Amino acid sequence: MPTASAPWESRVHRTVVIGQWVALGIGILSDLIATSGTSQSFTAMAVAAAYVIASTLIPEAWYRARFGAEAITLFSALMVLVALTMTGGASSPYLLLSMGPPIFATLYGGFR
């Protein structure tokens with residue numbers, strides 16, 4: 001098991017993290033416009049923001065630990081599903097965030 005990531009993995013990881021921040025910004029802005037800030041939308045906003053902040057702070061090495069990618073992406077997917085469920089499911093402004101966990105799962109688990 002490699003201890004350091006390949007340069008392309010680090011670049012893709014960083015790109016996905018940046019994409020999640022952009023998706024969070026789009027989600028928050030469109031959620032505030034659509035709902036004018038209800039308590040349920042603020043809760044979903046907090047869950048989505050916690051997910052993006054946590055995925056930014058998690059070191060890449062944790063994805064390489066035994067069952068690391070699986071555990072992280074499962075927990076991430078659950079957090080995104082909570083935000084989606086609270087704000088309308090398929091019409092949720094946070095739908096774009098749902099692409100992060102499968103991309104990380106593919107990056108760290110599916111290419112091997």
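Using a 1.4 Å probe on the protein chains only, how many percent of the accessible area of the chain belongs to carbon and sulfur? Each step should come with its number before you reach the end.
Details: 4710 of 6360 Å².
C and S fraction of accessible area: 74 percent.
Measuring with a 1.4 Å probe in the full set of protein chains, what accessible area per residue, in whole Å², belongs to the stretch 56-112? Walk me through the numbers on the way to the answer.
Numbers: 3230 Å² over 57 residues.
For the stretch 56-112, the solvent-accessible area averages 57 Å² per residue.
Charge dipole of the chain (Cα centre as origin; +1 on each Lys and Arg Cβ, -1 on each Asp and Glu Cβ, all else neutral): 260 debye, rounded to the nearest 20.
Ignoring everything except DSSP H segments at least 4 long, calculate the 222 nm mean residue ellipticity for the chain; use -39,500 (n - 2.57) per segment, divide by total residues, nearest 500.
Working: 5 runs with 78 residues, N = 112.
It lands at -23000 deg cm²/dmol.
I'd like the trypsin sites (Lys or Arg not before Pro) in the stretch 1-82 restricted to DSSP loop residues with at most 14 other Cβ atoms within 10 Å, sorted by number. Those that pass, being in a loop and sparsely packed, are Arg66.
Between Ala90, Ile72, Trp8, the Cα set farthest toward the positive side of the dipole of the chain (charges on each charged residue's Cβ, about the Cα centre) is that of Trp8.
Rolling a 1.4 Å probe over the protein heavy atoms leaves Met45 with an accessible area of roughly 30 Å².
If you take all C-alpha pairs in the stretch 1-60, what percent of them are over 16 Å apart?
Numbers: 928 of 1770 pairs.
Beyond 16 Å sits 52 percent of the P(r) for the stretch 1-60.
Evaluate the chain: find the radius of gyration of its Cα atoms, find its Kirkwood radius, and give the ratio Rg to Rh. Provide the component values of the computation, followed by the final result.
On the way: Rg = 14.6 Å, Rh = 14.4 Å.
Ratio of gyration radius to Kirkwood radius: 1.02.
In the complete set of protein chains, residue-level accessible area for Ile26 is approximately 90 Å², probe 1.4 angstrom.
The values are calculated or read from the model by the stated rules, or taken from the named source; none is laboratory data. Small disclaimer: the values here were computed from a predicted structure and weren't measured. Because the Cβ atoms are built from the backbone with ideal geometry, glycine has one as well, and the counts that use them run over all protein chains shown. With ligands, DNA and RNA removed, areas are computed over all heavy atoms of the protein, side chains included. Shrake-Rupley method; radii C 1.70, N 1.55, O 1.52, S 1.80 Å.
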